[in-house]
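For reference, the structure discussed in these notes is given below.
The values are calculated or read from the model by the stated rules, or taken from the named source; none is laboratory data. Keep in mind that this is a model prediction, so the values were computed, not measured. Virtual Cβ from ideal backbone geometry, glycine too; neighbours counted across all protein chains shown.
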Amino acid sequence: MSLNLPAGVQINAPIKPGYETILTADALALVAKLHRAFNSRRQELLEARVARQARIDAGEMPDFLPETAHIRNGEWKIAPLPKALERRRTEITGPVEAKMIINAYNSGADSYMTDFEDSNSPKWDNQIQGQVNIYKAIRRELSFLNEAGKEYKLNDKIATLQIRPRGWHLDEKHVTVDGQRVSGGIFDFALVFFHNAREQIARGAGPFFYLPKMESHLEARLWNDIFVMSQDHIGLPQGTIKATVLVETILATFEMEEILYELRQHSSGLNAGRWDYIFSCIKKFKKNKAFCLANRGAITMEVPFMRSYALHLVKICHKRGAPAMGGMSALIPIKNDPEANEKALAGIRHDKTRDANDGFDGGWVAHPGLVSIAAEEFQKVLGERPNQWEKQRTETFTARDFLNFQPEQPITEAGVRNNINVGIHYLGSWLAGNGCVPIHNLMEDAATAEIARSQIWQWVVSPKGVLDDGRKVTAEMVRQMTDEELPKVKATVIAQGEDTATYDQAAVIFDTMSLSPDYPEFLTLPLYEAMD
């Protein structure tokens, strides 16, 4: 099928039936306009990340910016929220696959973040069919029939939709403008905004977004400028778009107020994106010999650096009249094991109880079966109030609080094996086109896979990477365990009735990404180049 493409736009991917409803000349014209206006700035900001990393590798420690002290000390608040975003006790997230969209919409959550990023494997068909699915869902036209003949349809009452485009570091390799790849984030945002913003407004809830993986307020300013141009382009009033920023990099922690300030006309708060945050800490301080984290399971929201980050986020949001959204526990319901299921549900309840008591205005869950538990815990604290902005935290957090990376132990053989097993399993699934995978009773996405391979890298490189039995973690140890874990992963996949064709490749990639002398910035970058 051929398309009528704007001048300078090329698509080097199959155009399947239905794709033409999304890849229209007018929508692609907005993609091209935004690319030409902002891609050079995006590239400069990505180069600034590299330069900042080099300074950290050389021993520089991050701190609050002296040049933006006037923003932190100023009297200002974000613009008022639309009614549809006033109450966000429970938010659910998942990839842009039809069945998952319907189940998330129908889950009973206040809000649903549909995801083009970490829980979505960015194959061309996933990205464009996801756009088609969202287009239909917003118009109440989406349905799904499974292999057993069961039909899934949208309920009368559904969650408020928010959409997460890809982060600044990701391209859309199948689309070029003037010979340059477009930003994956600009591509995702422009298409969904162009086709759906007016329809969402007519239905009373949108256009709302989640923005991932930013490292500075200048990256937030770029999004804000894109919003301004896009609203002008289709004739919407400024401030119509609202966006919540995921604080999932340690550098963004030092610029929370500045990020809110840059987006203040378009802001709907901040979210504590815990898994990417842990990955960010490992990545940023990977060459610091004094830094080494314990097993992933020991890095909870109660450890010092995670607790400081979470409470600081609540403090800043409530100071500025913005929602403070809690992150997502990876726990999910466990079928056929009542004891393990009860333990998992208790873990979810503990997570949401802590967040509600700390002052968060809502929190994320990974599964529809967890919505009611999260809602109950926030209901106990908030009652009928839409938020708890009157809870103003008074602690003063310093760089030392955010950089107090504990615990360093235990590091165990079981912890090393779990990271290898999860990493291979997730990568194999991702290569097959599934970016959101239940593994060992936890919901894993790209962020948790990044932690798995980053911890292996760190334990091998760091002098502190020593098991609790005294053995040093080495590349040889990891490779031997990889050989032993790969058959276990394949056996699990076969038992689930799935194909193992991608798992040998996944093991090779995991080896490369976790043992390469030069730490790869993002797992998904080389993976994306290897996929269709």
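Scanning the range 48-95 for residues that are of a type in the set (Val, Ile, Thr) and in a loop (DSSP other than H, G, I, E, B) returns a single hit, ILE78. Whether a residue is in a loop (DSSP other than H, G, I, E, B), outside the structural domain of PHE305 (by TED's automatic domain parsing) and of a type in the set (S, T, N, Q) was assessed, and ASN434 passes this test.
Restricting the range 500-532 to residues that are modelled with pLDDT under 90 and among the acidic types (Asp, Glu) leaves a set whose member that is farthest from GLY423 (Cα to Cα) is ASP532. For the range 349-367, the tally of residues that are surrounded by fewer than 24 Cβ atoms within 10 Å (Cβ to Cβ) and part of a helix (DSSP H, G or I) stands at 7. Put simply, of GLY108, GLY149 the only residue that is at positive phi, in a loop (DSSP other than H, G, I, E, B) and without any contact (Cβ under 8 Å) to a residue 12 or more places away in the chain is GLY149.
If only residues of the range 248-270 that are touching a Gly at 6+ places or on another chain (Cβ under 8 Å) and under 14 Å from PHE208 (Cα atoms) are counted, the one that is surrounded by the most Cβ atoms within 10 Å (Cβ to Cβ) is HIS266. Residue check: VAL245 meets all listed conditions (1) aliphatic (A, V, I, L, M); (2) surrounded by fewer than 19 Cβ atoms within 10 Å (Cβ to Cβ); (3) assigned to a strand (DSSP E or B) but one, namely (2). Within the range 218-234, residues that are crowded, with 16+ Cβ neighbours inside 10 Å reach partners that are of a type in the set (Ser, Thr, Tyr) and modelled with pLDDT of 95 or more with beta carbons closer than 7 Å, at six or more positions or on different chains, in the pairs GLN231/THR240. Filter the range 120-129 down to the residues that are assigned to a loop (DSSP other than H, G, I, E, B) and in contact with a Lys or Arg (Cβ under 9 Å, 6 or more places away or on another chain), then identify the one that is surrounded by the most Cβ atoms within 10 Å (Cβ to Cβ). The residue in question is ASN120. Tell me, which residue of the range 125-155 that is of a type in the set (Lys, Arg) and over 23 Å from LEU28 (Cα atoms) is farthest from the chain's Cα centre (by Cα)? My answer is LYS150. If only residues of the range 425-478 that are of a type in the set (Asp, Glu) and under 19 Å from the mean Cα position of the chain (by Cα) are counted, the one that is nearest to LYS289 (Cα to Cα) is GLU450. Tell me yes or no: at least one residue of the range 225-234 is of a type outside the set (Val, Ile, Thr), out of contact with any Gly (no Cβ under 8 Å at 6 or more places or on another chain) and within 26 Å of ALA51 (Cα to Cα). Yes, the range 225-234 contains a residue that is of a type outside the set (Val, Ile, Thr), out of contact with any Gly (no Cβ under 8 Å at 6 or more places or on another chain) and within 26 Å of ALA51 (Cα to Cα).
In the condition set (1) buried (at least 24 other Cβ atoms within 10 Å of the Cβ); (2) touching a residue at least 40 places away in the same chain (Cβ under 8 Å), ASP401 is compliant with all but (1).
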